[in-house]
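Q: Submitted below is the structure of interest, expressed as C-alpha cells.
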Amino acid sequence: MTAAQRRGRRIMMTDEERDAFLAEARTCRVATVSPDGRPHVAPLWYVWQGGSLWLYSITRSRRWAQLGKEPRVAVVVDDGTEYGQLRGVELSGSVVPVGEAPRTGLPCPELTEVERLFAVKNFGLTEMVHDGRHAWLRLTPDTIVSWDFRKLGGAFRR
C-alpha cells in the first residue's frame, strides 16, 4: 500500500496516467546510500509491472553492493525540457532481489512477464537474452509521488 500524495494534487497524475507514463519511459535514476551515508545516484533501465518497479542491475555494481547492505531506495522517472512540460514519478521503498544473481535464465515464473516486457521495451525482442552479469530487483513502493506540470495549462510557457 502506498502513502497518499498530499501536496500538489492539482498536478499529480491519476493512477492510469502514472501507469502509462512508467510503462512508456525507459530510464530511471536510482538513489542508494553507502555505509558511510554518502548518496549514490545512477541511471538504470526498468519495467513497471504489477504495481512494482523491476530494476535490471549489474550485480558487480556499486549500486548492487550498497543495496545488499541497505535495501532502501528512491527512484525518479521524469520527462520534459520546458518548465510547463515537466512530469515525473518518484517511488521509494525497499528492493528485494528476485531470481538468481547473476541471472542466467533459470526458470523463474515471477520473472516471465517482467523479462518479456523488458526485452520488448528495450531491445525489440520477444524474449530476454541473459548475459550472466545482471539480476532483478523488485521495488514495491511504500510511497509514490507524481507531477505533471502540463496540467497547469499555459501558465509557464514562454
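Q: Against the conditions (1) open to solvent by 20 Å² or more (accessible area, probe 1.4 Å); (2) part of a helix (DSSP H, G or I), where does R9 fall short? Just the number, please.
A: (2)
Q: Then there's this: Where residues in the stretch 56-84 are over 26 Å from F149 (Cβ atoms) and among the aliphatic types (A, V, I, L, M), which of them is least open to solvent (accessible area, probe 1.4 Å)? Reasoning before the result, please.
A: Let us first name the residues in the stretch 56-84 that are over 26 Å from F149 (Cβ atoms), namely 56-72.
In the following step, the residues that additionally are among the aliphatic types (A, V, I, L, M) were identified as 58, 65, 67.
Working: I58: 61, A65: 56, L67: 14 Å².
For the stretch 56-84, the residue satisfying everything is L67.
Q: Taking the stated definitions as given, is S52 open to solvent by less than 30 Å² (accessible area, probe 1.4 Å) and modelled with pLDDT under 95?
A: Numbers: open to solvent by less than 30 Å² (accessible area, probe 1.4 Å): yes; modelled with pLDDT under 95: no.
So S52 does not fit the description; no.
Q: Between a first residue in the stretch 56-69 that is over 24 Å from T112 (Cα atoms) and in contact (Cβ under 8 Å) with a residue 24 or more places away in the chain and a second residue that is open to solvent by 30 Å² or more (accessible area, probe 1.4 Å) and among the β-branched types (V, I, T), which pairs have beta carbons less than 7 Å apart while being 6 or more apart in sequence or on different chains?
A: Q66/V33
Q: Any idea how many residues of the stretch 99-120 are within 15 Å of the chain's Cα centre (by Cα) and aliphatic (A, V, I, L, M)?
A: Total meeting the criteria: 2.
Q: Same structure, new question: Give me the pairs, please: first residue somewhere in the stretch 15-28 and acidic (D, E), second residue anywhere and modelled with pLDDT of 95 or more and open to solvent by 20 Å² or more (accessible area, probe 1.4 Å), beta-carbon distance under 8 Å, and either six or more positions apart or on two chains.
A: Qualifying pairs under 8 Å: D19/W48.
Q: Next question. Over 17 Å from the mean Cα position of the chain (by Cα) and surrounded by 17 or more Cβ atoms within 10 Å (Cβ to Cβ): does that describe L91? Don't jump to the end; show me each part of the working.
A: On the way: over 17 Å from the mean Cα position of the chain (by Cα): no; surrounded by 17 or more Cβ atoms within 10 Å (Cβ to Cβ): yes.
In short, no.
The values are calculated or read from the model by the stated rules, or taken from the named source; none is laboratory data. Note that this is a predicted model, so its numbers are computed, not measured. For neighbour counting, all protein chains shown are included, and Cβ atoms are generated from backbone atoms with ideal geometry for every residue, glycine included. These accessible areas exclude ligands, DNA and RNA; they are computed on the full protein's heavy atoms, side chains included. Shrake-Rupley method; radii C 1.70, N 1.55, O 1.52, S 1.80 Å.
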